[in-house]
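Data block below; observations after.
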Amino acid sequence: MDISSQVNAKKIKQFVMDKAIFLVLLLLVIVIAIINPRILRLQVLRDILMMSSTKIIMALGMMFVILTGGVDLGGGRLVGMAAVVSASMLQTADYVRRFYPEMGQVPLILPILLALVIGTLFGVMNGLIVAKFKVPAFIATLGSMLIIYGINSIYFNMAPNNSQPIGGLRPDFTYLGSGSIGFIPVIVIFAAAVSLIVWFVLNKTVFGKNVYAVGGNPEAAAVSGINITQTLVGLFAVCGFLISFSGVLEAARTGGATNNYGSGYELDAIASCVVGGVSTTGGVGTVSGVIAGVIIFSFINYGLTFIGVNPYWQNIIKGVIIVMAVSFDIRKYVQKK
């Protein structure tokens with residue numbers, strides 16, 4: 001074998017190692033499509049893309065934290081809080097079980113902004129805890145997860161709602177999650193717009209470059225003059241904002257909300273990020289990779305149900321995927337060192 005062939009073989013081997021989990025999942029997608037080709041129908045693919053849109057927004061928010069080698073375990077509960085807060089104030093006037101019976105019709109933007117502000121503030125809180133008190137991100141966000149769920153449950157249990165699922169949402173609100181402009185769902189447009197903005201922030205702004213620098217080598221970033229505290233607080237705030245936005249859109253898409261909305265979503269977001277090439281060790285990751293990871297993961301979730309796989313087995317499969325994804329990522333990190 002000549003030198004050129006050896007180099008090419010080495011490149012192919014390296015590519016397979018780098019993309020191993022991605023290739024395994026693509027194989028699983030192909031298997032699902034072979035078992036039931038109806039999943040490739042345009043309408044089904046459109047439904048999967050709509051389901052993926054809120055998860056893309058959430059995963060992009062999670063990406064900011066993972067880029068620093070951390071993780072936000074409270075993301076799923078923040079989705080639930082944003083969904084409940086926005087939905088509770090955007091019910092139709094004639095709905096029997098209104099959360100606020102005496103409240104008039106408020107402008108659409110106000111409850112949405114309130115939900116986004118709450119999510120951003122929780123993000124700032126997480127960032128301050130991590131930056132100022134040097135608490136590992138997964139511990140800080142584990143605590144905030146419990147706090148968010150507790151506060152949201154208390155709010156959800158307020159009279160006269162008393163923990164009843166929130167329904168009867170206004171058409172102008174549900175349009176954001178289930179409406180379309182032609183054949184293109186509005187929620188997909190939101191996901192595309194957020195993706196472009198996040199790409200611009202990470203690749204064309206000083207803040208984005210600082211996020212990668214802090215994730216890649218915090219000590220070197222500090223020496224080079226980067227404000228570590230400001231960067232961490234900023235990226236956690238962005239994470240909280242985007243996750244809350246995904247919660248608002250999830251309520252609009254499903255036409256309702258409960259305090260349990262978003263449970264487990266953070267695991268899907270983390271898995272999608274890692275599958276899409278965002279390193280758990282920090283400093284590496286792309287927006288396009290996250291989007292691909294979310295869509296593939298959503299396709300598998302939807303596809304397993306589509307072909308009739310038992311939900312309990314689905315949880316096992318998802319767990320294996322997460323472990324495999326992180327294992328391959330750690331292996332790549334060790335090899336580079």
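Each reported figure results from applying straightforward, stated rules to the coordinates on display, with no laboratory input. Quick caveat, the model's predicted, so the values are computed rather than measured. Positions of Cβ are backbone-derived with ideal geometry, glycine not excepted, and every protein chain shown enters the neighbour counts.
Loop-resident trypsin sites (Lys or Arg not before Pro) (DSSP state other than H, G, I, E or B) in region 127-216 with no more than 15 further Cβ atoms inside 10 Å of their Cβ: K134.
Springs join every pair of Cα atoms under 10 Å in this Gaussian network model of the chain, and among D268, D94, D47 the largest mean-square fluctuation is at D94.
Working from Cα pairs under 8 Å separated by at least six residues, relative contact order for the chain is 34 percent. Taking square-rooted eigenvalues a ≥ b ≥ c of the alpha carbon gyration tensor, is the chain rounded, prolate or oblate, where a/c under 1.5 means rounded and, failing that, a/b exceeding b/c means prolate? Note, shape of the chain comes out oblate.
Overall, the anisotropy analysis places region 276-335 in the oblate class: the square-rooted eigenvalues a ≥ b ≥ c of its C-alpha gyration tensor yield a/c not less than 1.5, with a/b not exceeding b/c. Membrane-span-like helices in the chain (whole DSSP H runs, Cα extent of at least 30 Å along the helix axis, mean Kyte-Doolittle hydropathy of at least 1.0): 42-66, 109-133, 228-254. Length gained on full extension, V106 to I139, computed as 0.36 nm times the residue gap minus the Cα-Cα distance: 8.1 nm.
Of the peptides 158-167, 272-281, the ranking by mean beta-carbon count within 10 Å, highest at the top, reads 272-281, 158-167. The number of Lys pairs in the chain with C-alpha atoms less than 19 Å apart, excluding pairs fewer than 8 positions apart on the same chain, is 16. Dividing the mean sequence gap of close Cα pairs (under 8 Å, 6+ apart) by how many residues region 203-314 holds gives a relative contact order of 22 percent. Computed extension length for I35-W313: 98.4 nm, one decimal, from 0.36 nm per residue of separation with the Cα-Cα distance subtracted.
The protection proxy used here, the mean number of other Cβ atoms lying within 10 Å of each residue, ranks peptides 214-225, 109-120 as follows, highest first: 109-120, 214-225. Between V24 and L113, the simple spin-label model (points 7 angstrom out along Cα→Cβ) gives 4.7 nm. The H on the amide N of S180, modeled in the peptide plane, is under 5 Å from the matching H of V186, each at least 5 residues off or on a different chain.
The alpha carbon gyration tensor of region 211-337 gives principal lengths a ≥ b ≥ c with a/c of 1.5 or higher and a/b no greater than b/c, which makes the shape oblate. A crude spin-label estimate for the pair K209 and I151, with each label 7 Å from Cα along the Cβ direction, gives 3.5 nm.
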